[in-house]
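Every number here is computed from the coordinates shown, using simple stated rules; none is lab data. Treat the numbers as computed from the prediction; the structure is a model and nothing was measured. With ideal geometry, Cβ positions are generated from the backbone for all residues, glycine too; neighbour counts draw on all protein chains shown.
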C-alpha cells in the first residue's frame, strides 16, 4: 500500500476540490459531486482532508453530479486504532463519534463501558483526521 502525506497527495479520485466557493468530491465517475448539507459532516465522512481542498484544478471543469450523502465507511460508535499520526494519537484506540470526530478512549475500562469489543476495530492512519474530547466512562 502506498501512503501519501497531505503535501504529497496527488489530485484524483477521492479528493475534495474547491471550485469557486463550493466544495466537490471526485468519485471517479467523471463528474464532481457536491457535498449535501451539513457540509462538515458529509465531507468528513468521504475525505479526511476535506478542509484542505485542491484549488485551481482543471477538474473543476467537469460536469457536476448528484450531491453526496453520508459515507457509511465508519459506523457511529465504532472503535478505531490510529496507527500513524502525531505522537499523542499514535497506537491509541478511538471512538468514531456522532460529530464525526475521533474521541480517545483514555483507558481500557472506559473503552469497555462504551463498546465491549473496543479493541476489534480497523487500524488506520489518522493523520489529518479531526479529534474531539477524550471519552469519559458511560
Normalised by the empirical 2.2 N^0.38 Å for globular proteins, what value does the Cα Rg of the stretch 79-125 take?
1.04
Label points 7 Å out from Cα along the Cβ direction at residue 90 and residue 125: separation in nm?
1.4 nm
Mind checking the log10 I(q)/I(0) for the stretch 49-138 at q = 0.16, 0.17, 0.18, 0.22 Å⁻¹? Debye, one equal scatterer per Cα, no solvent, two decimals.
-0.69, -0.75, -0.81, -1.07
